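To start, the structure under review is shown below, and the notes come after it.
The values are calculated or read from the model by the stated rules, or taken from the named source; none is laboratory data. These numbers were taken from a predicted model, which means no experiment stands behind them. Here the Cβ positions follow ideal geometry from the backbone for every residue, glycine too, while neighbour counts run over all protein chains shown.
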Amino acid sequence: MKINENYRSLETSYLFSQVAAKKAAYQAAHPDQRILSLGIGDVTRPLPTPVVQAFTEAVLDQGDPSRFHGYGPEQGYDFLKESIQQYYRRFGVELPIDDLFISDGAKCDLGNILDLFDTDNTVLIPDPVYPVYRDTNQMAGRRIAYLPAGPENGFLPMPDPDQKADIIYLCSPNNPTGAVYTKAQLAEWVDYANKQGAVILFDAAYEAFVTSPELPHSIYEIEGARECAIEVCSLSKTAGFTGTRCGYTVVPQELIRGGLSLRAMWLRRQTTKFNGVSYPVQRAAAAAFSDEGMAACQEVLSIYRSNARLMHEALEQAGIWHTGGIHSPYLWMKCPHGLSSWEFFDQLLEKAQVIGTPGCGFGTNGEGFFRLTAFGTPEDTAEAMERIRKFL
Ligand code: MLT
């Protein structure tokens, strides 16, 4: 047999596994030290009460013969899809119910959606960006062209009409930099993709952090996006589902490539390879989109927003160049004293017992930068920033 040789081109371990391993090794060597983690973007607040209530009730349904649910539709229950439809109406987007596919999270869908595309395609990936886009395409052996992002373009690269691309990844609000595309900028991307016949994979996982009505939550706020874009989103950061697992992908019926409907292909793929998200999780997710659930989620989000504000102020006072933290749970800072990303990681761990994520893990252009997350508890965040301030 032959293995998939493309795996040889990957880093030995995934970025966040590498960070977790370093943290575990340091903790084992220093059992008395309390490490504070501003590394992986994992939430710390529990599920909001209306979500827990719906979740619990649905678990009880599963133990009652008259309310029990076996296999559900692979693409998700209508009750959840309808509540997502309602949510999108808040920012003026009307989604046909059949365009929505419920899954166990954005990361899985971002990897799995690649089943629809030939390996002989050029993939355009901003650098730096969420490493899943790069790694999943490397695994499949696709050609990758990187779009350089940096302080000069506000970490928001724009299309080059002479650049050929078939699959384009955009993430806004951006992981890791926290930068957010305006509607006008996204309109340029949509126009470019439609001219190229390319498909945009739009990662909206952090849309709940957008607070300005001027900034887009969804690529479907842009005219022409239904002809060229797939949107992937998740309840992980919006409603605290990192350990509960639920997300969704929108594949518009207008999206036709090679004479085939991508929506029909995705339905075929999901019905073949996926048996759907569990009934209790979908009930919990639907509760997050209810009026009561949305209000409870906003309360939690405001805790993370106030962490981000505190972090921004601490970096500002220390005179450290940074972006993000406004419509985003991430702050993206320049490493001090010309340190590389991993040098700063090691020093911060060694001297302040604070974990962050090295910017170079998000791409070559992330070298010399460092990502901090605002998903910690307010107490730990304040203490971590105090330790960072002293260290700097
Ligand atoms: C991150 O830290 O970038 C994310 O939490 C990872 C993820 O969502 O998979």
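Would you pick out the residues in the range 324-340 that are surrounded by fewer than 21 Cβ atoms within 10 Å (Cβ to Cβ) and farther than 13 Å from Arg309 by Cα?
Lys334, Pro336, His337, Gly338, Leu339, Ser340
For Pro173, are the conditions met, namely being in a loop (DSSP other than H, G, I, E, B), modelled with pLDDT of 95 or more and over 26 Å from Tyr88 (Cα atoms)?
no
Check every one of the helices (runs of 4 or more DSSP H) wholly within the range 7-124 and list those with 1 or more residues that are in contact with a strand residue (DSSP E or B) (Cβ under 7 Å, 6 or more places away or on another chain) and under 30 Å from Ala145 (Cα atoms).
15-29, 106-112
Kindly indicate whether Phe155 is over 23 Å from Met265 (Cα atoms) and crowded, with 20+ Cβ neighbours inside 10 Å.
For Phe155, the condition - over 23 Å from Met265 (Cα atoms) and crowded, with 20+ Cβ neighbours inside 10 Å - is met.
Does any residue of the range 114-126 turn out to be within 23 Å of Gly41 (Cα to Cα), out of contact with any Lys or Arg (no Cβ under 8 Å at 6 or more places or on another chain) and buried (at least 17 other Cβ atoms within 10 Å of the Cβ)?
yes
Run Tyr146 past the list (1) in a helix (DSSP H, G or I); (2) touching a residue at least 24 places away in the same chain (Cβ under 8 Å); (3) more than 14 Å from the ligand (Cβ to nearest atom) and report the number of the one that doesn't hold.
Every listed condition holds for Tyr146 apart from (1).
Each row is one residue, and each column tells you yes or no for (1) of a type in the set (A, V, I, L, M); (2) at pLDDT below 95; (3) farther than 28 Å from Gln298 by Cβ.
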position	(1), (2), (3)
Glu313	no, no, no
Ile320	yes, no, yes
Gly325	no, yes, no
Leu331	yes, no, no
Leu339	yes, no, yes
Glu343	no, no, yes
Asp346	no, no, yes
Leu349	yes, no, yes
Gly359	no, no, yes
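For the range 125-143, what are the residues that are of a type in the set (Asp, Glu) and either more than 15 Å from the ligand (Cβ to nearest atom) or outside any helix (DSSP H, G or I) (or both)?
Across the range 125-143, the qualifying residue is only Asp127.
Tell me yes or no: at least one residue of the range 182-201 is in contact with a His (Cβ under 8 Å, 6 or more places away or on another chain) and under 27 Å from Ser103 (Cβ atoms).
Step one: of the range 182-201, the residues in contact with a His (Cβ under 8 Å, 6 or more places away or on another chain) are none.
Among the residues of the range 182-201, not one is in contact with a His (Cβ under 8 Å, 6 or more places away or on another chain) and under 27 Å from Ser103 (Cβ atoms), which makes the answer no.
Looking only at the range 192-208, which residues are hydroxyl-bearing (Ser, Thr, Tyr) and either more than 20 Å from Pro131 (Cβ to Cβ) or surrounded by fewer than 23 Cβ atoms within 10 Å (Cβ to Cβ) (or both)?
If the condition is that a residue be hydroxyl-bearing (Ser, Thr, Tyr) and either more than 20 Å from Pro131 (Cβ to Cβ) or surrounded by fewer than 23 Cβ atoms within 10 Å (Cβ to Cβ) (or both), then Tyr192 is the only one that fits.
Report the residue count in the range 232-248 for those that are surrounded by fewer than 24 Cβ atoms within 10 Å (Cβ to Cβ) and touching a strand residue (DSSP E or B) at 6+ places or on another chain (Cβ under 6 Å).
Of the residues in that region, 0 qualify.
Residues to consider are Ala205, Ala225, Ala179; find the one that is of a type outside the set (Phe, Trp, Tyr), under 24 Å from Cys246 (Cβ atoms) and within 16 Å of the ligand (Cβ to nearest atom).
Ala205
Going by what's in this entry, would Leu60 be described as under 30 Å from Pro216 (Cα atoms) and more than 16 Å from the ligand (Cβ to nearest atom)? Before you say what the answer is, go through the steps one by one.
Working: under 30 Å from Pro216 (Cα atoms): no; more than 16 Å from the ligand (Cβ to nearest atom): yes.
The answer is no for Leu60.
Quick one: count up the residues across the range 87-113 that are surrounded by fewer than 21 Cβ atoms within 10 Å (Cβ to Cβ) and within 16 Å of the ligand (Cβ to nearest atom).
Counting residues in the range 87-113 that are surrounded by fewer than 21 Cβ atoms within 10 Å (Cβ to Cβ) and within 16 Å of the ligand (Cβ to nearest atom) gives 5.
Kindly indicate whether Ala285 is crowded, with 24+ Cβ neighbours inside 10 Å, outside any strand (DSSP E or B) and away from the ligand (no atom under 16 Å from the Cβ).
Values: crowded, with 24+ Cβ neighbours inside 10 Å: yes; outside any strand (DSSP E or B): yes; away from the ligand (no atom under 16 Å from the Cβ): yes.
Judged against the criteria, Ala285 is a match.
Pairs please, first residue from the range 374-392 and over 15 Å from Ser302 (Cβ atoms), second anywhere and surrounded by fewer than 24 Cβ atoms within 10 Å (Cβ to Cβ) and not aliphatic (A, V, I, L, M), Cβ atoms under 6 Å, 6+ apart in sequence or on different chains.
From residues that are over 15 Å from Ser302 (Cβ atoms), the pairs are Phe391/Lys351; Leu392/Pro336.
For Pro65, indicate whether it is without any contact (Cβ under 8 Å) to a residue 40 or more places away in the chain, more than 16 Å from the ligand (Cβ to nearest atom) and in the same structural domain as Ala229 (by TED's automatic domain parsing). So that I can check it myself, show each step before the final result.
Details: without any contact (Cβ under 8 Å) to a residue 40 or more places away in the chain: yes; more than 16 Å from the ligand (Cβ to nearest atom): yes; in the same structural domain as Ala229 (by TED's automatic domain parsing): yes.
Here the answer is yes, as Pro65 does meet what is asked.
Checking Val43 against (1) within 16 Å of the ligand (Cβ to nearest atom); (2) exposed (fewer than 14 other Cβ atoms within 10 Å of the Cβ), only one condition comes out false. Which one?
(2)
Please state which of the following conditions Trp189 fails to meet, knowing it meets all the rest: (1) more than 16 Å from the ligand (Cβ to nearest atom); (2) buried (at least 22 other Cβ atoms within 10 Å of the Cβ); (3) within 18 Å of the chain's Cα centre (by Cα); (4) within 25 Å of Glu214 (Cα to Cα).
(3)
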